[in-house]
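Let me begin by presenting the structure, written as C-alpha cells, before commenting on it.
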Amino acid sequence: MMPSHGGMGTAAIHAGDPEPRTNAPVVNPIVPSTTFYMDPDGGGDLLYSRYGNGPNHSVVEARLAALDGGDDALVLGSGMAAMSCAMLSLLQAGDHVVATDAIYGGTRALLTDELSRLGIATTFVDFFSSEWQRALRPETRVVLGEFPSNPLLRVADLRPIADAAHAHGAALVVDATFASPINFRPLEHGADLVMHSATKYLAGHSDVTAGALVGSQARVDEARKRARVWGPMLDPHAAWLLERGIKTLSVRMERHNRNGMEVARWAEQRPEITRTFYPGLASHTDHEVASRVLDGFGGMMGIELRGGGPAASRFVRALRLMKVAPSLGGVESLVSEPRHTSHAAMTPDERAANGIRDGFIRISLGIEDAADLIADLEQALRAADGGLQEREAAD
C-alpha cells in the first residue's frame with residue numbers, strides 16, 4: 001500500500017507540507033511560540049504548544065500518518081511517552097493486557113510497575129507458541145506486540161494475532177521501532193495502533209528524543225486526550241528535527257538494509273560466532289515470515305560469541321569504528337550487550353532461557369561503508385577470540 005503522495009520516499013519528504021505559496025519557505029520553519037492568537041469568538045482550533053498542535057507538530061504528524069498508512073498520528077516526547085499514552089487511552093482499572101514476553105525493558109516496567117498500581121494486570125506470552133491465546137480473558141483490552149523483537153529480531157505474522165485480539169474485543173498495539181514504516185507497516189496487517197520510538201530510525205541521527213503513535217482517527221484522538229492531561233508533548237524544535245530526519249528515512253533505510261544483509265552474511269561464516277541473528281538469513285527462525293511481511297530486513301542484528309561473556313567484553317573494548325552505546329537506528333553503528341542494558345534486570349539463567357546468553361552482542365548497523373564495518377568487526381573478533389585461544393592453550 002503506497003501513500004497518496006506516491007512512493008514511500010516521496011511521502012517521507014512531502015506528505016503534510018502546506019500548500020506552496022509565493023515567498024513561503026521551502027523548508028518548514030521552527031515555530032517556537034508557546035501560544036497563538038485565537039478567534040475572539042471562540043471559533044476554530046485552539047493552538048497551544050502544550051497541546052502538541054503547533055505548526056511543527058501538525059506537519060510531522062501528517063507525514064507519519066502517510067508513511068504508516070494511518071488516519072492520524074501523534075508525536076510525543078519519547079517512545080515511552082507514546083507507549084504510556086497508548087496504554088492509558090485503551091485501559092482502565094480491572095482491564096487486562098496480553099503482552100509479548102520479548103519486550104523492551106521500559107515497556108515491561110510500565111506494565112508491571114506502573115499500570116499494575118492502577119489495577120491493570122498483564123500476562124506475558126510467547127506469540128510464537130500456539131498456546132498464547134489461552135492467556136486471553138474476557139477483560140483483555142490490549143494485545144501488545146513488538147516486531148521485530150529486541151534483541152533476537154523475531155518476526156510474527158500479525159494477521160492471526162489481530163484476528164484473535166479483535167475476536168475478544170481487544171486492540172492490537174505493535175511497537176515497530178526496529179523496522180520503521182519503510183520496512184513494516186503493522187496497520188496493514190490488522191494492528192490498531194503502531195508505536196515508534198522516533199528517537200531511532202525515524203529521526204535517525206541520535207540527536208532528538210521523540211515517540212509516535214499512528215492509527216485510526218478515533219484511536220489517536222483518545223491518546224491525544226491523555227497526552228494533553230499527562231503532558232509529554234514534543235517541543236517544536238524537536239518536532240522540526242524529527243521532520244528533517246524523516247526526509248532521509250527512505251534512503252537511510254536502503255543503506256541500513258543493505259549493510260544488514262552484507263554484514264550478517266559475513267558474520268554467519270565466522271568461526272568465532274556461534275550464531276547470527278538476522279531475519280534476512282535463511283538460518284533465522286522467522287525467515288519465511290519475515291520475507292513475506294517485511295519490505296526490508298533492517299540494520300539490526302545480533303551475534304553470539306563462542307567465548308561467552310569474557311569474549312564479549314574483549315570484543316566491545318577492541319572496536320574502533322563502532323561505538324559502544326545504547327540506543328539504535330542512527331547513521332552511526334552502535335553495539336551493546338543486552339546483559340548490561342535491556343536485559344540487565346534478568347539473571348544469566350533467565351536471559352539464557354530467553355535465548356540471550358552472555359556472549360550475545362546487539363549491533364545497530366549504521367550507514368557507513370559495509371567494508372569498513374566488517375573490517376572493524378573482524379579485528380575485534382580476533383581480539384576477542386585470541387584471549388580464548390590463549391586460555392585454551394594454557395589449559
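Among residues of region 292-315 being under 19 Å from the mean Cα position of the chain (by Cα) and open to solvent by 30 Å² or more (accessible area, probe 1.4 Å), the one that is nearest to Lys200 (Cα to Cα) is Phe297.
On inspection, Phe184 does not qualify as open to solvent by 30 Å² or more (accessible area, probe 1.4 Å), within 27 Å of His284 (Cβ to Cβ) and touching a residue at least 24 places away in the same chain (Cβ under 8 Å). For region 240-257, the condition of being open to solvent by less than 10 Å² (accessible area, probe 1.4 Å) and more than 30 Å from Ile30 (Cα to Cα) holds for none of the residues.
For (1) of a type in the set (D, E, K, R); (2) modelled with pLDDT under 95, each residue gets a yes or a no:
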| site | (1), (2) |
| --- | --- |
| Arg63 | yes, no |
| Ser84 | no, no |
| Leu91 | no, no |
| Gly105 | no, yes |
| Thr123 | no, no |
| Ser129 | no, yes |
| Arg134 | yes, no |
| Pro138 | no, no |
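Only one entry of Thr274, Thr285 meets the criterion of being open to solvent by 60 Å² or more (accessible area, probe 1.4 Å), of a type in the set (S, T, N, Q) and in a loop (DSSP other than H, G, I, E, B), and that entry is Thr285.
Within region 147-170, identify whether any single residue is touching a strand residue (DSSP E or B) at 6+ places or on another chain (Cβ under 8 Å), in a strand (DSSP E or B) and open to solvent by 10 Å² or more (accessible area, probe 1.4 Å), and answer yes or no. Scanning region 147-170, I find no residue that is touching a strand residue (DSSP E or B) at 6+ places or on another chain (Cβ under 8 Å), in a strand (DSSP E or B) and open to solvent by 10 Å² or more (accessible area, probe 1.4 Å), so the answer is no. Can you confirm whether region 32-49 contains a residue that is open to solvent by 80 Å² or more (accessible area, probe 1.4 Å), touching a residue at least 40 places away in the same chain (Cβ under 8 Å) and assigned to a loop (DSSP other than H, G, I, E, B)? Yes - at least one qualifying residue is present in region 32-49.
With Gly190, Gly215, Gly211, Gly204 as the choices, which residue is closer than 23 Å to Phe277 by Cβ and open to solvent by less than 20 Å² (accessible area, probe 1.4 Å)? After ruling out the rest, the residue left standing is Gly204.
Which ones in region 290-335 are on the phi > 0 side of the Ramachandran plot and assigned to a helix (DSSP H, G or I)? Result: Gly308, single match.
Checked across region 191-204, the condition of being touching a helix residue (DSSP H, G or I) at 6+ places or on another chain (Cβ under 7 Å) and of a type in the set (Lys, Arg) holds for no residue. When the criteria are applied in full, Ala65 meets the requirement of being among the hydrophobic types (A, V, I, L, M, F, W, C), open to solvent by less than 60 Å² (accessible area, probe 1.4 Å) and either out of contact with any Leu (no Cβ under 9 Å at 6 or more places or on another chain) or over 22 Å from Ser197 (Cβ atoms) (or both). Restricting the search to region 68-88, which residues are open to solvent by 20 Å² or more (accessible area, probe 1.4 Å) and assigned to a helix (DSSP H, G or I)? Once the filter is applied, which keeps residues that are open to solvent by 20 Å² or more (accessible area, probe 1.4 Å) and assigned to a helix (DSSP H, G or I), region 68-88 yields Met80, Ser84, Leu88.
Within region 108-127, the residues that satisfy the criterion of being buried (at least 16 other Cβ atoms within 10 Å of the Cβ) and either touching a Lys or Arg at 6+ places or on another chain (Cβ under 8 Å) or closer than 22 Å to Pro160 by Cβ (or both) are Thr122, Thr123, Phe124, Val125, Phe127. Looking at region 19-30, can you tell me whether even one residue there is β-branched (Val, Ile, Thr) and either touching a Leu at 6+ places or on another chain (Cβ under 8 Å) or open to solvent by less than 40 Å² (accessible area, probe 1.4 Å) (or both)? No: zero hits. Looking only at residues in region 128-146 that are part of a helix (DSSP H, G or I), in contact (Cβ under 8 Å) with a residue 24 or more places away in the chain and not aliphatic (A, V, I, L, M), which one is least open to solvent (accessible area, probe 1.4 Å)? The extreme case among them is Trp132.
The values are calculated or read from the model by the stated rules, or taken from the named source; none is laboratory data. Predicted model, so just to flag it, every value in this text is computed and none were measured. As a convention, Cβ positions derive from the backbone with ideal geometry for all residues, glycine included, and neighbour counts pool all protein chains shown. Note: accessible area is taken over every heavy atom of the protein model, side chains too, but ligands, DNA and RNA are not part of it. Shrake-Rupley method; radii C 1.70, N 1.55, O 1.52, S 1.80 Å.
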